[in-house]
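Remarks on the structure that follows.
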Amino acid sequence: MRKWTDDITKLIFAHVVLVGVPTLFYYCLRVGGISLLNLHLAIAAFFLVSSLIIMMECTVALGRRFATVEQPRPQNLLDRWLRRVKQALGLSGRQLPLSPHPVPRCTVLVAAYLPNEQDIILETIHHILATVRRPKAGLEVILAYNTPVHLPVEEDLRLLAIAHPELRLVKVEGSRSKAENLNAAMDLITGEITCILDADHHPPADCFERAWRWLEQHYDVVQGRNVIRNHADSLFTQNIAVEFEMVYGVAHPAKSYLIDSTIFGGSNGYWRSDVLKRIRFNPAMLTEDIDASMRTLLSGYRIIHDRSIVTTELAPADFHAFWFQRKRWSHGWLEVSLKYQRRVWRSAKLNFWQKIYWTYLLYYCVFYSLLALQVLPLFLSFMLYPLAEPLAENTFLLVSTIATFASGIYATLVTAKVAALRYPWRYYWQHGAFIFFYTILKNAIAIVGLYDHLHGFNRWVVTPRTAVQRQPSSVLSSRPALAPVPPPAPGLESSEV
């Protein structure tokens, strides 16, 4: 409870410094006759650039949504015309040929943080053993976990390992992070492909077949798509579900197509095992996955996003869990940005556009919360002294404002179109209605993360899990939006960006 109250104190202090003080400063400047129009225009330009990038990514993701070779036959003249247009523009979907080589031996590496995840880990292991198709060369499942005390679930896991020889249990003594758990199991991997999963992730049956198509095309990591399976729990989880679809169904695939680069998101990632053993994970970083992504790319390896590899995961059970999860993410992105941005521009492994886009993802997005927050003191100072300048008559401010709101609406509509799960429409209306406040909330959390970074508070905090979160693993099969799993032979014929 003390951590929570400390964060609230940090939040209040940060906003007094970042909103209260600038409001008084801007007010004094306005009263003194100094125009702040250029500052208004600079902030508007910042939002306009963000909006245009969002629209571009959404358009790319919308045009490349197909994942199968056998697309539905056009039903009418309009459908045939649209298909021809997409083919002419190169937007009909990335088609990969059927591989002449069988999928090699594979490893599923699951990281669990006990006792926090003791209520969900058995369900995840059961799902993997019962669902994931075995290559002819074999499949192994390694569970790397830590716990300060002996737990009853450990006996259940031991009995499960006896019944399934392909399951190997690795108890990591003294571990305090996911990175330490993963590193401890690294030398035990025998598969040529390694899938890394969090303790709440349930992969599809054909995950390795889909990932193998890309690994054969000289990629080194394939990142799949993560969707929320406990989305019906609350208004909060419904909003997170739409947000995840925006990230994993729209933004990441678009980046893969536009710059042939993306991130490893920490779970549902398929690595060449030899590359994974070279990269490993840094326990000192709060977002060990983003840190590993940067080291992978800077080493000359390639990462691609395939949104047809769909795993389900659990959204945070309550606001408290959400707060600490997002604060760790924000703080971790800031760490990675400060550590790697200069290396990105010095790298000979990245091309010009990849460097531009990674600058956008690192510095631009990390400091978005600080720059976006300046809208508030500017607005408040203008309300306190509205006679300073006629902002309403400025065309650029009007255009940037319209574009900012339009990009959110457009992104929501595109997300609804390409969603892996056909959520009720009310999810999207709710997300559109709350996105302004939701963005303010995430910006506030990011500011607390910045506060922690400046004061050296960088302890890794696990996202709390509860038994209430558990949902039937058949959630995907209960919704018709996902394509049916293909038969074991001859495998999958295509995959998508």
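The values are calculated or read from the model by the stated rules, or taken from the named source; none is laboratory data. Just so we're clear, the structure is a prediction, and the values are computed from it rather than from any experiment. FYI the Cβ positions are ideal-geometry reconstructions off the backbone, even for glycines, and counts take in every protein chain you see.
Pairs are defined by a Cβ separation below 6 Å, a sequence spacing of at least 6 or placement on different chains, a first member in the range 229-241 that is among the β-branched types (Val, Ile, Thr), and a second member that is part of a loop (DSSP other than H, G, I, E, B); the pairs so defined are Thr237/Asn230; Thr237/Ala315; Ile240/Ala315.
Do any strands (runs of 3 or more DSSP E) entirely within the range 120-230 hold 1 or more residues that are closer than 30 Å to Val418 by Cα and touching a Gly at 6+ places or on another chain (Cβ under 6 Å), and if so, which?
On the way: elements: 139-146, 167-171, 193-198, 221-228.
In the range 120-230, the matching strands (runs of 3 or more DSSP E) lie at 193-198, 221-228.
Among the residues of the range 318-330, are any closer than 25 Å to Arg210 by Cβ, in contact with a helix residue (DSSP H, G or I) (Cβ under 6 Å, 6 or more places away or on another chain), modelled with pLDDT under 95 and in a helix (DSSP H, G or I)? No, the range 318-330 contains no residue that is closer than 25 Å to Arg210 by Cβ, in contact with a helix residue (DSSP H, G or I) (Cβ under 6 Å, 6 or more places away or on another chain), modelled with pLDDT under 95 and in a helix (DSSP H, G or I).
Select from the range 157-178 the residues that are among the charged types (D, E, K, R) and exposed (fewer than 14 other Cβ atoms within 10 Å of the Cβ) and write down the one among them that is farthest from the chain's Cα centre (by Cα).
Going residue by residue through the range 157-178, those that are among the charged types (D, E, K, R) are 158, 166, 168, 171, 173, 176, 178.
From the residues that got through so far, the ones that are exposed (fewer than 14 other Cβ atoms within 10 Å of the Cβ) too are 158, 173.
Numbers: Arg158: 33, Glu173: 29 Å.
My answer is Arg158.
Every listed requirement among (1) out of contact with any Leu (no Cβ under 9 Å at 6 or more places or on another chain); (2) over 19 Å from Val108 (Cα atoms); (3) surrounded by fewer than 23 Cβ atoms within 10 Å (Cβ to Cβ); (4) of a type outside the set (Phe, Trp, Tyr) is met by Ala315 save one, (3).
Select from the range 4-19 the residues that are free of Cβ contacts under 8 Å to residues at least 12 places away in the same chain and under 16 Å from Gln374 (Cβ atoms) and list them in ascending order.
Val16, Val17
Of the candidates Tyr427, Tyr368, Tyr363, Tyr410, the single residue that is touching a Cys at 6+ places or on another chain (Cβ under 8 Å), hydroxyl-bearing (Ser, Thr, Tyr), touching a residue at least 12 places away in the same chain (Cβ under 8 Å) and closer than 27 Å to His252 by Cβ is Tyr410. Note on the range 26-50: residues that are more than 41 Å from the chain's Cα centre (by Cα) and not in a helix (DSSP H, G or I) total 3.
Only residues that are in a helix (DSSP H, G or I) and crowded, with 19+ Cβ neighbours inside 10 Å: list them for the range 348-360, please.
Within the range 348-360, the first condition is being in a helix (DSSP H, G or I), and the residues that meet it are 352-360.
Hits for the range 348-360 are Tyr357, Trp358.
Is it fair to say Val16 is among the aliphatic types (A, V, I, L, M), within 18 Å of Leu380 (Cβ to Cβ) and in a helix (DSSP H, G or I)? Spelling it out, Val16 is indeed among the aliphatic types (A, V, I, L, M), within 18 Å of Leu380 (Cβ to Cβ) and in a helix (DSSP H, G or I). Taking Gln217 as the residue in question, decide whether it is modelled with pLDDT of 95 or more and not aliphatic (A, V, I, L, M). Considered against the rule, which asks whether it is modelled with pLDDT of 95 or more and not aliphatic (A, V, I, L, M), Gln217 comes out as no. Quick check on Trp345: is it surrounded by fewer than 17 Cβ atoms within 10 Å (Cβ to Cβ), part of a helix (DSSP H, G or I), out of contact with any His (no Cβ under 6 Å at 6 or more places or on another chain) and touching a residue at least 12 places away in the same chain (Cβ under 8 Å)? Spelling it out, Trp345 is indeed surrounded by fewer than 17 Cβ atoms within 10 Å (Cβ to Cβ), part of a helix (DSSP H, G or I), out of contact with any His (no Cβ under 6 Å at 6 or more places or on another chain) and touching a residue at least 12 places away in the same chain (Cβ under 8 Å). Residues of the range 377-426 that are at pLDDT below 85, surrounded by 16 or more Cβ atoms within 10 Å (Cβ to Cβ) and part of a helix (DSSP H, G or I): Phe382, Leu391.
Would you confirm whether or not the range 301-308 contains a residue that is at pLDDT 95 or above, assigned to a strand (DSSP E or B) and in contact with a Lys or Arg (Cβ under 8 Å, 6 or more places away or on another chain)? No, the range 301-308 contains no residue that is at pLDDT 95 or above, assigned to a strand (DSSP E or B) and in contact with a Lys or Arg (Cβ under 8 Å, 6 or more places away or on another chain). The residues of the range 272-300 that are more than 13 Å from the chain's Cα centre (by Cα), within 20 Å of Leu197 (Cβ to Cβ), polar (S, T, N, Q) and not in a helix (DSSP H, G or I) amount to a single one, Asn282.
The residue that is nearest to His201 (Cα to Cα), counting only those in the range 248-263 that are touching a Phe, Trp or Tyr at 6+ places or on another chain (Cβ under 8 Å) and of a type outside the set (Gly, Ala, Ser), is Lys255. Scanning the range 108-132 for residues that are surrounded by fewer than 19 Cβ atoms within 10 Å (Cβ to Cβ) and out of contact with any Leu (no Cβ under 8 Å at 6 or more places or on another chain) yields Asn116, Asp119, Glu123, His127, Ala130, Thr131. Screening Leu276 on (1) farther than 18 Å from Val108 by Cα; (2) among the aliphatic types (A, V, I, L, M); (3) in contact with a Ser or Thr (Cβ under 9 Å, 6 or more places away or on another chain) shows it passes everything except condition (1).
Could you tell me which residue of the range 318-353 is nearest to Ile120 (Cα to Cα), considering only residues that are polar (S, T, N, Q) and touching a Leu at 6+ places or on another chain (Cβ under 9 Å)?
Ser330
Could you go through the range 457-471 and let me know if any residue there is surrounded by 18 or more Cβ atoms within 10 Å (Cβ to Cβ), modelled with pLDDT under 85 and among the aliphatic types (A, V, I, L, M). There is no residue in the range 457-471 that is surrounded by 18 or more Cβ atoms within 10 Å (Cβ to Cβ), modelled with pLDDT under 85 and among the aliphatic types (A, V, I, L, M).
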